[in-house]
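J.: One structure, as structure tokens, below. Some questions next.
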Amino acid sequence: MTLGLINANPVVHAKKERVARTEDPHGDDDAVDPLEIYDILFYLKVLLNFEDPEHPYSLEQLSVLSEESITVDDKLGRILITFTPTIQHCSMATVIGLCLRVKLKHYFPPHYKVDIKVSPGSHANEDSVNKQLNDKERVAAALENPNICQLVDECLYSNEL
Amino acid sequence: MEFLDERFKLREIQKLEGHSDRVWSLAWNPATGVAGVPYLFASCSGDKTVRIWEESLTTGSWNCKAVLDETHTRTVRSCAWSPSGNLLATVSFDATTAIWENVGGDYECVSTLEGHENEVKSISWNASGSLIATCGRDKTVWIWEVQPGHEYECVAVLQGHTQDVKMVQWHPTMDVLFSCSYDNSIKIWADDGDDDNWTCVQTLDEPNNGHSSTVWALSFNSSGDKMVSSSDDLTLKIWGTDLARMQSSEGYTPWRHLCTISGYHDRTIFSVHWSREGIIASGAADDAIRFFVENSDKDGLVDGPMYKLLLKEEKAHEMDVNSVQWSPGEKRLLASASDDGTIKVWELAPVAPS
């Protein structure tokens, strides 16, 4: 899989100190806390180099996500994730987007509407990447594709390494 | 019929459960709901199956009569009955189209149409049942001729869209085909009468007051002189043509934009269907179903017909509404299919004057 070599030498940022939280992150109601999403996604790791599966990078380390990149409208049940691909032509952008979507699907009530976009100016094909990431028919078809599914699974699986 | 002076309510008749994944689409059998034949429709799903639902004439409740599985190996995206109601065509992300025949209540797969490179997304029968159109992610539209003995011959592969084609729909009276796409356009295809020479005769895109994002669906009014399209740009657009001129010797008459219905749905509008009596139903990713009718008060209108909201059902489903379809027959029934895995049967009924 050559996809892994697209950005073999990424800039890796230091992990930020996370503020310890005293309250139960899952709370006692259905309300979605943006911090909950940070906690789930910031440690989502991606393999940038599939030949080096022992060294996944977290999206936080790659600065793919920042705290400002997640907004939640709990009343409307809507989540907007804006991420920054590591390079302007990153063809992993759609895979990262799929990973984010799959990961979130496991955590939130199904009626939540999730929009996933690349941050403005961060990708050479911003509009087409955004359109593709939010076309649910294409997403459904991609997740039925064994090759793409395997790629997403590997990215998500690497969390447990 | 005048709808504006009447107040309507939408009554949920039944919620149908059985699919184990999102329900993408449904199709009423056009030969049912009349002359004592019970209503029947098919639904298809991400669970790779098709289900047949029938209304009981005695209790009025709906039951699943058949599950069509073990044929498609991936999501079944769309389905359509032949005009006679004897055959059901289903299309799948597995790149195939299956034709099913109803033999005494059992559904038998009698033919499989192969040719698309990958996901097939939509199927439509022409008015006489002699032609089928399919479309898919490979950006093409295929026209198949129905031949004796469950044979289907591909007579044209239409290339013109620059992205995946979301839906195909034949005109209700003429053999003119409409397709809409992820490339934001609607294309109109006609045969020049010279040995299956199908060509694109018109493109309705953004420079022609068309949509600015994916066009997901389109539907015709009963007379076929108007069409409505629904889009990811959160609008519905009404298009019109001069049918009398089209059918005269003057030949093809272009369709033109009549009006845009905007400001209602606030997420992608996946489905739109125009009823025989003129009510436009739309279903969207905002979980809502809305109904629009032409505003017959023409005073002061210079820009052609206007449409207004008749009714909205905000939480029609718990998740995205993928398909809304009016029933044939005598009743004013609507069925809706959703990501929540359910189908709902509704009746649009006037509120009794108090």
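J.: Does region A:91-108 contain at least one residue that is within 13 Å of chain B (Cβ to nearest Cβ) and either over 16 Å from the mean Cα position of the chain (by Cα) or surrounded by 20 or more Cβ atoms within 10 Å (Cβ to Cβ) (or both)?
T.: Within region A:91-108, not a single residue is within 13 Å of chain B (Cβ to nearest Cβ) and either over 16 Å from the mean Cα position of the chain (by Cα) or surrounded by 20 or more Cβ atoms within 10 Å (Cβ to Cβ) (or both).
J.: Would it be correct to say that residue A:127 is open to solvent by less than 20 Å² (accessible area, probe 1.4 Å), among the charged types (D, E, K, R) and within 11 Å of chain B (Cβ to nearest Cβ)?
T.: no
J.: Still on this structure, I have one more. Could you tell me how many of the residues in region B:244-270 are part of a helix (DSSP H, G or I), surrounded by fewer than 16 Cβ atoms within 10 Å (Cβ to Cβ) and touching a residue at least 24 places away in the same chain (Cβ under 8 Å)?
T.: So the answer is 1.
J.: Kindly check whether there is at least one residue in region A:55-62 that is among the charged types (D, E, K, R) and without any contact (Cβ under 8 Å) to a residue 40 or more places away in the chain.
T.: No; the residues of region A:55-62 include none that is among the charged types (D, E, K, R) and without any contact (Cβ under 8 Å) to a residue 40 or more places away in the chain.
J.: Within region B:74-95, how many residues turn out to be within 14 Å of chain A (Cβ to nearest Cβ) and in a strand (DSSP E or B)?
T.: Number of matching residues: 5.
J.: Output the number of residues of region B:3-18 satisfying the condition of being open to solvent by less than 30 Å² (accessible area, probe 1.4 Å), part of a loop (DSSP other than H, G, I, E, B) and modelled with pLDDT of 95 or more.
T.: So the answer is 0.
J.: Determine whether residue B:269 is more than 14 Å from chain A (Cβ to nearest Cβ) and closer than 30 Å to residue B:182 by Cβ.
T.: no
J.: Of all residues in region B:212-229 being away from every other protein chain (no Cβ under 14 Å) and touching a Lys or Arg at 6+ places or on another chain (Cβ under 8 Å), which is surrounded by the most Cβ atoms within 10 Å (Cβ to Cβ)?
T.: Within region B:212-229, the match that is surrounded by the most Cβ atoms within 10 Å (Cβ to Cβ) is B:229.
J.: If you take the residues in region B:113-124 that are within 17 Å of residue B:44 (Cα to Cα) and part of a strand (DSSP E or B), which one is farthest from the other protein chains (Cβ to nearest Cβ)?
T.: If we take residues in region B:113-124 being within 17 Å of residue B:44 (Cα to Cα) and part of a strand (DSSP E or B), then B:124 is farthest from the other protein chains (Cβ to nearest Cβ).
J.: Given the conditions (1) more than 20 Å from residue B:308 (Cα to Cα); (2) touching a strand residue (DSSP E or B) at 6+ places or on another chain (Cβ under 8 Å); (3) open to solvent by less than 20 Å² (accessible area, probe 1.4 Å), report the number of the one that residue B:199 does not fulfil.
T.: (3) is the only condition that residue B:199 fails.
J.: Could you please let me know if residue B:175 is of a type in the set (Asp, Glu) and within 14 Å of chain A (Cβ to nearest Cβ)?
T.: no
J.: So residue B:21 clears everything in (1) without any contact (Cβ under 8 Å) to a residue 60 or more places away in the chain; (2) outside any strand (DSSP E or B); (3) within 14 Å of chain A (Cβ to nearest Cβ); (4) among the charged types (D, E, K, R) except one condition, right? Which one?
T.: For residue B:21, the exception is condition (1).
J.: If we keep just the residues of region B:337-354 that are in a strand (DSSP E or B) and out of contact with any Asp or Glu (no Cβ under 9 Å at 6 or more places or on another chain), which is surrounded by the most Cβ atoms within 10 Å (Cβ to Cβ)?
T.: Among those residues, the one meeting the criterion is B:337.
J.: Scanning region B:38-47 for residues that are over 22 Å from residue B:125 (Cα atoms) and either within 14 Å of chain A (Cβ to nearest Cβ) or modelled with pLDDT under 95 (or both), which turns out least open to solvent (accessible area, probe 1.4 Å)?
T.: Taking the candidates together, the pick is B:46.
J.: Additional query: Within region B:169-208, restricting attention to residues that are of a type outside the set (D, E, K, R) and assigned to a helix (DSSP H, G or I), which residue is nearest to residue B:260 (Cα to Cα)?
T.: For region B:169-208, the residue satisfying everything is B:208.
J.: Can you pull out the residues in region B:24-73 that are in a loop (DSSP other than H, G, I, E, B) and polar (S, T, N, Q)?
T.: The answer is B:29, B:32, B:49, B:56, B:58, B:59, B:61, B:71, B:73.
J.: Does any residue in region B:211-229 that is modelled with pLDDT of 95 or more come within less than 6 Å, Cβ to Cβ, of a residue that is assigned to a loop (DSSP other than H, G, I, E, B) and open to solvent by less than 10 Å² (accessible area, probe 1.4 Å) six or more places away or on a different chain, and which pairs are these?
T.: Filtered contacts from region B:211-229: B:224/B:171.
J.: Continuing with this model, one more query. Can you name the residue in region B:102-126 that is open to solvent by less than 60 Å² (accessible area, probe 1.4 Å) and hydroxyl-bearing (Ser, Thr, Tyr) and is also nearest to residue B:155 (Cα to Cα) among such residues?
T.: If we take residues in region B:102-126 being open to solvent by less than 60 Å² (accessible area, probe 1.4 Å) and hydroxyl-bearing (Ser, Thr, Tyr), then B:124 is nearest to residue B:155 (Cα to Cα).
J.: Next question, about the same structure. Taking region B:125-152 as the region of interest, how many residues are within 14 Å of chain A (Cβ to nearest Cβ) and in a loop (DSSP other than H, G, I, E, B)?
T.: 3
The values are calculated or read from the model by the stated rules, or taken from the named source; none is laboratory data. It should be emphasised that the depicted structure is a prediction, and the values quoted were computed from it without experimental measurement. With ideal geometry, Cβ positions are generated from the backbone for all residues, glycine too; neighbour counts draw on all protein chains shown. Surface areas here come from the heavy atoms of the whole protein model, side chains and all, with no ligands, DNA or RNA. Shrake-Rupley method; radii C 1.70, N 1.55, O 1.52, S 1.80 Å.
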